[in-house]
Every structure is written in structure tokens, then in C-alpha cells.
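Trainee: My questions will all concern the structure given below.
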Amino acid sequence: MEKFILFMVLLNCALLSGNLYMHLFLISLISIGFLTHGIDLIKLLRLIALPSGFIVLGSISIAFSLHADPENSLFCFDSMGLCIGLETAGLHKALDLFFKAMAAVMALNYLILSCSLSELNDIGRKLKIPLILRELFVLTYRYISLLFTFTGQVHIAQRNRLGYARRKQSILSVGMLFSSAFIKSLLFSDRSLEALQSRGYHGEFYFRQQKEVLRLKQVLSMLVFGILLLFLDNYSNLFDLISHI
Amino acid sequence: MRKKLFVLLAFLLPFQGFSMHIMEGYLPAGWSVFWTVVYLPFFVWGVKVIQKIVIKHPELKMLLALAAAFAFVLSALKLPSVTGSSSHPTGVGLGALLFGPIVMSVLGVLVHIFQVLLLAHGGITTLGANAFSMALAGPVVTFGIYKLCAKLKCNRSVSIFLAACLGDLTTYTVTALQLALAHPDTHTGVTGAFVKFASIFSLTQIPIAVVEGLITVLVMNILIKN
Amino acid sequence: MIQLQNIEYTYPEGTKGLEAVSLQIEQGSRVAFLGENGAGKSSLFLVLNGIHKPQKGKYVLDGKQFGFSTKERKQMAHKVGYVFQDPEVQLFAASVYEDVAFGPFNLDLDRKDIEIRVEKYLNLLRIQELKDKAPHQLSYGQKKQVAVAGVLAMEPEIILFDEPFAWLDNRHKQIMNEIIDDLNKQAKTVLISTHNPDFAYEWADQVILMKEGRIIAAGSPEKIMSNRVLMQEIGMELPLVVQFTKKVGMNKHSRSIQSLLREI
Amino acid sequence: MIQLQNIEYTYPEGTKGLEAVSLQIEQGSRVAFLGENGAGKSSLFLVLNGIHKPQKGKYVLDGKQFGFSTKERKQMAHKVGYVFQDPEVQLFAASVYEDVAFGPFNLDLDRKDIEIRVEKYLNLLRIQELKDKAPHQLSYGQKKQVAVAGVLAMEPEIILFDEPFAWLDNRHKQIMNEIIDDLNKQAKTVLISTHNPDFAYEWADQVILMKEGRIIAAGSPEKIMSNRVLMQEIGMELPLVVQFTKKVGMNKHSRSIQSLLREI
């Protein structure tokens, strides 16, 4: 739960602040936290590769403007009477959004890497998420890991028999991969049910409640940390404003 | 017979648009709240339906969870050799038709939560918006097109292809629209922004939609043979 | 005591599972089921465990006929434990601890008692240090340990093992061996299906040969498993120690080559 | 000939898979890999067939260094075949026939040749009559047969088997045995990872002991597998026949209890 509170603090700082430096600060803070806790750089980069790809694409579309004013653009690409260009305002907005999203994603990564599934489930319990959703959550996770192993091995087996040597074959192989995973899923759910019934399943699962006392001091210091950050943030905005005047 | 039907239909309602999600932090607070509020009724309705189902048949819990897991795993498989990019083909909801489409609204969220937790793909504050596009808009179109094709007596493979492919494109269009609403262009407003988002994401989305349509047809054919 | 009378079971899709199966198993005995894949061993176990309801025949457990009603089936889980061949299908929870606790939880024990039980069986299977791990972080042998702990934590009187040693390395085989020995010492009834004639000969005090859904022979391993014709019926070789003593013409009745070696 | 020099492989998530592995395997030989689960046998097999790219070291196949490029990996599939422990993951087509045809089809043979090949391997594995069945309708042993047929239909020169006998009943064990013999007769190189010391001792002409990602010993079974200290390292017992001859003080060099029995 403490981890979740810290996550909320970090996330809110990232979302509520419009300040580039604030975002850079959060990104580096969390990254340093990861690196000092034994997560190596490569793993970290792999984790953020996917979201940052989409963020970059999105930011590019924000940066460019379709009807840019050629005078104010950093450069302009003319076609069909349109000037697709890059303006300072758009660029700023895109950069701001890019770093804001990255900071938010890093906060999310913190939650992902620090909590086990059991802990997340317990957080769900404290947040009063309906039991059925948490049950499905836990079961789904279990099946995901099974299907992942399964599809991973099928994929290797297919590669061994040149299933991905050419594009057309690849599509064929993927089709087979999916359908075998599907059949495996169906058969597996039957067997799994038999196994649960043989242990007296009657519609409910056992969830362990983490015996964890919220340490008031820690929670308070996290909250103070968050408020302080946001205050500084506003303060610096204020400062900006004053200097503008 | 029921099982046959189920196998046959299960691939028809793909979870849409795993390939494209709005990332954490990418929506202003107002829009996050807006989409969450829009989606909430469907979600609550879905949870109610599921609760009713599992009270009667606790064994269906496994099937629902497997459906979600299956959809997630397919969405997460990186298949660079197929599409030439590290894109994600759409997953498939296996229980959806058996339990009715509204159950999808819940399974879709479940799948998305795992995408967030395991792949850092998407986000918590953007959950509502993403769920709306992938677990509601897309499937509705898929379902509609398949029904329509059935009425028009189209070739089965063609209808499956169209349903899957267009469903995927719907998700992508809705996502682009959501982004455009949140970040209008400085000069051309929402319309311009929509054109921008739609065109830049079309680079990845259109090939994915086509490949996904093809794969869905293939898989269906294999499963029908079985 | 387990009694089956003329049990017949056909799968919903029409495959014959069991035909005219009758048997009697005393409490505390060690029974090995031998037969090829598809001979009906698993079907039989699923009937014994109350999962499959036979179309014909009687199942009498401790003198009471078992009716396969939902209520009776629930009680059954408490009496008969089933360790599946593939541990993957048995594990579903988010952590080892929660998985082992699932059975005791279904017995409606209170939280305190559940904890005590779980600790006890985690210790017995030597998986104390795995308790917070998720199933997918375990090795195959560890998964098997957890699956066994999950079944034993319900403290059933009768335990069914489907190929308990398959795919295990030597270390995990030994642990499994000790567990099974331990169960027998507690006077529990243990039923094992296996493809290993040497294990069956050494361990069992009753062997049951199955073929095509029927029981073709049952009795003491000494009698049944030294019968070449019967063993060929189920496509199995004689236990090594039997081959050996036959060949050498010894009169010793060792149950395994190892014990023979010790005796020489 | 296979040569590995100082191979090191670490999994993407950071687990050490292999460390300083060097070995040399002549064409046509029979090599058994022994070691506990997680000792690195599977990692090694995945390097040998080009799936895992080692971070360090050299892999020389028939005198040519293997570079793990996409193109080389493709050729590799043709040279090295891998039969997994679990046949489930190898069967993905809609029917047995299509599954066996998958490899030959990808080799760009023409239709006629594909058919000939598939028929040949269906016959070899004695699964002719299963050819129209869906894989999920098969028994475990049959699945294994199909998986083997699928790999052999690519006609690789080197075949890796991961625990080929696990879970099989006796009939299927015999079929598998014959297939492996047959491969060796065709001068193919066969590598088998196993937990069964008796099989390794009887079959292999070279055994390789692995522990924690390293090779701790390699050589003839007679030399390596009669060394109690080494075998204890990998948690394995001496082969029965070795225990026996040691105990009895025989001078015979039988490779198994069965052949010993024949000799007496």
C-alpha cells in the first residue's frame, strides 16, 4: 500500500505539473532509483521502448501543424497548398507533452517493478475493487504466463522448421500459432477446472491478506514530498510569471 | 454443438486496437475523467453480468480468465517478421460471444490493465479512453459488419476478413479522434489534429489491420477444420 | 476401504473410458496401476475422485455408497486427493502460499488454522522459501512440489498420484519418494499410476493391470508382475529384478536390484 | 563435427544459462547430456540449433564458424533438428499430415516431393493411420511420435532430443528406441539430454555432465559414469549395471542389466 501511495504521489506530480524541469526531475529520480536497486540500464530501456515509441509518434503529430504560418515556422514543407510545418509553439507543446508522458510512464514503471501480483491484488482489496474482478485478475495472470511459455516454445519449434523463413510462411505460421494457443487454452481450462474441483472448489479463491501496518511516518513524508514538489512547481511558475512582467 | 459454435464465433470478436493506446500522461485531466465517465456504465453493467454468470456457473471463471489471457498474449506477441515493425496484432476475446458482448467491456479492461502492468503500454489515467476505443467501439463495428455480411450472404472468409480488419481500423480512428479532441491543432483545431494523428498512426495501423484480418481468416479456417 | 462394482464410464464425446471395472482397496495399502497410455488409469482416478460420474456401477467408500451429488462431491475433495501428472494444471494462484491455502480454505477452516496447515505442508515439501513466489517463477520440479503440497494440505485419506516421477530430476524424485513413504507411514491409502515396472514392483503391495478401459489382472506384485504373458498384455517388461532372479535362478525375493545388491 | 569454444550465454532477463562451455562432437556419435533441471542442457541445445545467440565464444559446425545471422540461422534449421521434451509445443497444424508436412513445405520442395517425404516419415514413425487426426485428439505417446516425424522430415544431420522417453509407455519407448537406433545407423549425430543413468550408460558413446551452466566432465560412459564422486555432483546414481558389477566384483563390461543377463 505504501508503494501504491508513493506511485500516486509521483503520478500526480507528473500529471498536475506543466513544468518541463519537474518532469525531467521525476524521470531522473525514478531512473536513479531503479539503477540503484539492481535493475540494469538495458532492462530499463527495454521496458520503456514500447511506450516511448508511441509517445514519440504522438508528439510528432502534435509538433507539426498542417496550416502553419510559413513566416513563423522553423521550416515548412509545401504541398497541395498546405504548409506542413514546425512551429515553435507546437514544438514546445510537443516537447512538454513528451516529457510529461515519459514522467508518468516512469511512475507507472515504478509500480510495476516494485509490486508483486499478490501485493497488487491486496491493493485492489483495499481499494474495494469487486472480488470477481480480482479473481479474474489473478487467474488471467496465471494463464498469461502459461500461454506465454507455450507460445514462446511453439514459436521456437516453428522457427526450427523454417516457419518464418519467408513472409508468406510467416503469416501462415502465425495463424497456426494462434490456433494452437486457442485449442491449448480450451483444453487447459477443462483440465484446470478438474484440478480445482478435486480440491473442493466451490466458487471462491483464497487470497492472503498482507499483514502490513501503514507506517504513518512514511506515508506522511511521501505526501509532504509530493506537496513540496507541486508547491515548488507552482512557485517556479509564479517566478516565471513575475520575471515575464 | 455449443462448443463448435463457440469455437467458430470466438475469433469473430477481436479485441480491437491493441496496437494503439493512449499513453499514461498523454491526456489532460479533463479528458481522462470524461472518457472514464463515459465508459463506466458499460463497465459496471459488464461486471454485473459476469457476477450473475459466475454465481450460477463458477467454472466459467476459468474460461473468462483464459479468454482475457489469450487476448493479452496475442496482443503482446512481437511479430516483426510479419509486419516489419514491432507492432502488435490484435488479440481475440474467446468468451465474448458465449457470454454476450457486454462482458467484453470488462475483459477488455482486464486485458488493458495487464498491458499496462506487464508492458507499460497504455496507462491508468487513460484507461477509460483506451477501453472505449478498443473494447467498445471496435468490437461493435466488428460484430455489426459480420452480422451484415451474414445477412448479405457473403463468403465466410471475406466477412471474417472485413469484420476483423474494419473493427481494427475503427479502434484506430476513435483513438485518433480522442487524441485530436485532447490536443487540437493550433491553426486547424480538432479536424486538423485528427488528420495529423490519423495519418501518422496509419503508418503502422493499416498494415496491422490487414495482417490481422488475414490471420483471423486463417485461424478461423484451421479451427473450423478441427 | 474403496470398492468399485462394475463401473462403466463413457466420455461425453463418446470415447469409452472404463468398462466393467470392479476393485477393492484396503485402507493404508499401496496400489500401483499399470497400463499403456489410454488404458483407463486417468479415467479411473477421475471417477475415484468424484469428477467423472460413471454411467453404471457402484462406488462404495468406507461402506457408504457415493452418489456423485454436488454435495457429496465436495466432501469427496476432503477424502480423496488427486495429484495430476502435469502440475501446471493444478497451480493457479498468484503465490505458492495462496495456492497451498486454497484447499484448506475450501474446507472452511478458519484463517488461523489455514495458516498452520499451509506452513506445515510447505515445510513437509521443503518449499518454505518459495512461498511468496508466483508459480511461473518455479522450476518444473518445484511446481510438482507445490502441487503435491496443495493436495496434501487438505489432509485426504486417499491420495492418487498420476505418474509422480515423470519429468523429475533425481533430486525431486527423491523428495517425492520420501513424501510417498511418509504418507504410507501415516496409514493413508496411496494409489499410483506409473509406466515404471521396477518402481511398481518395489513399492506396491497390490498392482492392478489395465487395458482398454478394463482391469485385466490384480494382485500382489510378486504374483502378477512375474507373469510374462500378463505383462506383455500391457506392453510392459518384467521388473529387472524379476528378470534377474529368473535368469540366475536365485530364490531370493528382493523387490529391487538395489535391495538385491544389498543382500548379496 | 560440432565444436563449441568457450560459449557463454546469459538470458535476456539476466539468468546465467551457460558458462565457458567447450565441447567437440564427432559426426555420427551418440552423446548423452546428464544434469539436474536447470543445469544448462536445454540452453545448450538452443545454442546448438541457433535459437540462442551466445554472448561469447565460437560455434564451429563442420569446419565453418556459425555466425547466428538470420540467413545462417535459416540454414541451421536444415542441419540441426530439435525434439522438445513436451510434444504439445511442436504440434500446431490442423492435422497430423499437415504438421509433418510443415517443415518440408518450408524447404521449398515441390508438392510431389513433400508428399513422398511425409509418407516416408509417417511410415517410419508408424503413424500412417493417424494422418487425418487433429493433434489434440492424440495420446501423449502419439503426439511424441508426430513431433519426431515433423523434425525428422526436415532430414537434419544432427538431432537433439530433450528427454525423449519421459512419460512414454513401454510401447512408445520401444518405438523411440528404434528410431534413435535407426538415426545412428544412418550416421546421423544424436544428442540426448536425460535423467536416466541406465539409458545413458547403455546407449551413449560419449557422456557430458553439466552443472550450473558448466560442463563438469565429458568422456566415455565407462569412465565418467562409474565415477561415484562425479555422479554425485549432478545428483545422479550410478547406473544399475555398474553398481551391480562393482558389488559382485565382476569383470564383465556389460552396458546394461539386460545385456548382462544375456551374457550370464
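The values are calculated or read from the model by the stated rules, or taken from the named source; none is laboratory data. In this text, all values refer to a predicted model and were calculated from it rather than measured experimentally. Cβ placement follows ideal geometry from the backbone for every residue including glycine, while neighbour counts extend to all protein chains displayed.
Trainee: Tell me which of these residue A:185 doesn't satisfy, since it passes every other one: (1) outside any loop (DSSP other than H, G, I, E, B); (2) over 31 Å from the mean Cα position of the chain (by Cα); (3) of a type outside the set (A, V, I, L, M).
Mentor: For residue A:185, the failing item is (2).
Trainee: Now, a different point. Among the residues of region D:119-127, are any among the basic types (Lys, Arg) and touching a helix residue (DSSP H, G or I) at 6+ places or on another chain (Cβ under 8 Å)?
Mentor: Yes: one or more hits.
Trainee: Would you be able to tell me the number of residues in region D:55-95 that are under 18 Å from residue A:174 (Cα atoms) and over 19 Å from the mean Cα position of the chain (by Cα)?
Mentor: 5
Conditions (1) crowded, with 19+ Cβ neighbours inside 10 Å; (2) under 25 Å from residue C:17 (Cα atoms), marked per residue:
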position: D:64; (1), (2): no, no
position: D:74; (1), (2): no, no
position: D:77; (1), (2): yes, no
position: D:107; (1), (2): no, no
position: D:110; (1), (2): no, no
position: D:129; (1), (2): no, yes
position: D:133; (1), (2): no, yes
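Trainee: Is it true that residue B:208 is facing another protein chain (nearest Cβ under 10 Å), modelled with pLDDT under 75, part of a helix (DSSP H, G or I) and in contact with a helix residue (DSSP H, G or I) (Cβ under 7 Å, 6 or more places away or on another chain)?
Mentor: So residue B:208 fails the test.
Trainee: Suppose we filter C:77, C:147 for residues that are at pLDDT 90 or above and assigned to a helix (DSSP H, G or I); which single one remains?
Mentor: Result: C:147 is the single residue among C:77, C:147 that is at pLDDT 90 or above and assigned to a helix (DSSP H, G or I).
Trainee: Return the total of residues in region C:210-219 being within 14 Å of chain D (Cβ to nearest Cβ), touching an Asp or Glu at 6+ places or on another chain (Cβ under 8 Å) and not in a loop (DSSP other than H, G, I, E, B).
Mentor: Within region C:210-219, residues that are within 14 Å of chain D (Cβ to nearest Cβ), touching an Asp or Glu at 6+ places or on another chain (Cβ under 8 Å) and not in a loop (DSSP other than H, G, I, E, B) number 1.
Trainee: Moving to a separate point now. Quick one: in region A:2-20, which of the residues that are surrounded by fewer than 17 Cβ atoms within 10 Å (Cβ to Cβ) and of a type in the set (A, V, I, L, M, F, W, C) is nearest to the chain's Cα centre (by Cα)?
Mentor: A:8
Listed here are the residues, each with its yes/no results for (1) part of a helix (DSSP H, G or I); (2) closer than 30 Å to residue C:47 by Cβ.
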position: A:143; (1), (2): yes, yes
position: A:163; (1), (2): no, no
position: A:173; (1), (2): yes, no
position: A:190; (1), (2): yes, yes
position: A:196; (1), (2): yes, yes
position: A:203; (1), (2): no, yes
position: A:217; (1), (2): yes, no
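Trainee: Kindly establish whether residue D:164 is within 14 Å of chain A (Cβ to nearest Cβ) and within 21 Å of residue A:160 (Cα to Cα).
Mentor: So residue D:164 fails the test.
Trainee: While we're on this one: If you go through region B:49-66, how many residues are assigned to a loop (DSSP other than H, G, I, E, B) and either within 21 Å of the chain's Cα centre (by Cα) or at the interface with chain A (Cβ under 7 Å from one of its Cβ atoms) (or both)?
Mentor: 2
Trainee: When residues of region D:166-200 are filtered for being touching a strand residue (DSSP E or B) at 6+ places or on another chain (Cβ under 8 Å), part of a helix (DSSP H, G or I) and closer than 20 Å to residue D:240 by Cβ, how many remain?
Mentor: So the count comes out to 3.
Trainee: Please specify each residue of region C:22-40 satisfying the condition of being surrounded by fewer than 24 Cβ atoms within 10 Å (Cβ to Cβ) and of a type outside the set (Gly, Ala, Ser).
Mentor: C:23, C:24, C:25, C:26, C:27, C:30, C:31, C:36, C:37
Trainee: Quick check on residue B:52: is it closer than 19 Å to residue A:190 by Cβ and surrounded by fewer than 17 Cβ atoms within 10 Å (Cβ to Cβ)?
Mentor: No, not satisfied.
Trainee: Hey, could you check region B:175-203 for residues that are polar (S, T, N, Q), in a helix (DSSP H, G or I) and crowded, with 17+ Cβ neighbours inside 10 Å and say which is modelled with the highest pLDDT?
Mentor: The extreme case among them is B:178.
Trainee: Facing chain A (nearest Cβ under 10 Å), closer than 16 Å to residue A:161 by Cα and part of a helix (DSSP H, G or I): does that describe residue D:88?
Mentor: Spelling it out, residue D:88 is indeed facing chain A (nearest Cβ under 10 Å), closer than 16 Å to residue A:161 by Cα and part of a helix (DSSP H, G or I).
Trainee: Going through region C:29-54 one residue at a time, which ones are in contact with a helix residue (DSSP H, G or I) (Cβ under 7 Å, 6 or more places away or on another chain) and within 20 Å of residue C:223 (Cβ to Cβ)?
Mentor: C:30, C:32, C:33, C:34, C:35
Trainee: Among the residues of region D:250-264, count how many are part of a loop (DSSP other than H, G, I, E, B), modelled with pLDDT under 80 and facing chain C (nearest Cβ under 10 Å).
Mentor: Residues in region D:250-264 being part of a loop (DSSP other than H, G, I, E, B), modelled with pLDDT under 80 and facing chain C (nearest Cβ under 10 Å): 1 in total.
Trainee: Here is a further query. So which residues in region C:70-110 are out of contact with any strand residue (DSSP E or B) (no Cβ under 9 Å at 6 or more places or on another chain), in contact (Cβ under 8 Å) with a residue 60 or more places away in the chain and hydrophobic (A, V, I, L, M, F, W, C)?
Mentor: C:77
Trainee: Pick from A:32, A:42, A:48: which is more than 14 Å from chain B (Cβ to nearest Cβ), part of a helix (DSSP H, G or I) and closer than 19 Å to residue B:119 by Cβ?
Mentor: Of the residues listed, the single one that is more than 14 Å from chain B (Cβ to nearest Cβ), part of a helix (DSSP H, G or I) and closer than 19 Å to residue B:119 by Cβ is A:42.
Trainee: Then there is this: Is it the case that some residue within region C:220-243 is more than 14 Å from chain A (Cβ to nearest Cβ), outside any loop (DSSP other than H, G, I, E, B), touching a residue at least 60 places away in the same chain (Cβ under 8 Å) and of a type outside the set (Ser, Thr, Tyr)?
Mentor: Scanning region C:220-243, I find at least one residue that is more than 14 Å from chain A (Cβ to nearest Cβ), outside any loop (DSSP other than H, G, I, E, B), touching a residue at least 60 places away in the same chain (Cβ under 8 Å) and of a type outside the set (Ser, Thr, Tyr), so the answer is yes.
Trainee: Still on this structure, please answer the following. For residue D:33, all conditions in the list (1) touching a strand residue (DSSP E or B) at 6+ places or on another chain (Cβ under 8 Å); (2) farther than 22 Å from residue D:234 by Cα hold save one; what is the number of the exception?
Mentor: If we test residue D:33 against (1) touching a strand residue (DSSP E or B) at 6+ places or on another chain (Cβ under 8 Å); (2) farther than 22 Å from residue D:234 by Cα, just (2) comes out false.
Trainee: For residue D:207, state whether it is surrounded by 18 or more Cβ atoms within 10 Å (Cβ to Cβ), out of contact with any Pro (no Cβ under 6 Å at 6 or more places or on another chain) and assigned to a strand (DSSP E or B).
Mentor: no
Trainee: Does residue C:189 fit the bill of being surrounded by 20 or more Cβ atoms within 10 Å (Cβ to Cβ) and under 30 Å from residue C:111 (Cα atoms)?
Mentor: Spelling it out, residue C:189 is indeed surrounded by 20 or more Cβ atoms within 10 Å (Cβ to Cβ) and under 30 Å from residue C:111 (Cα atoms).
Trainee: Going by what's in this entry, would residue A:109 be described as under 30 Å from residue C:106 (Cβ atoms), crowded, with 20+ Cβ neighbours inside 10 Å, of a type outside the set (A, V, I, L, M, F, W, C) and in contact (Cβ under 8 Å) with a residue 40 or more places away in the chain?
Mentor: When the stated conditions are applied, residue A:109 does not pass them.
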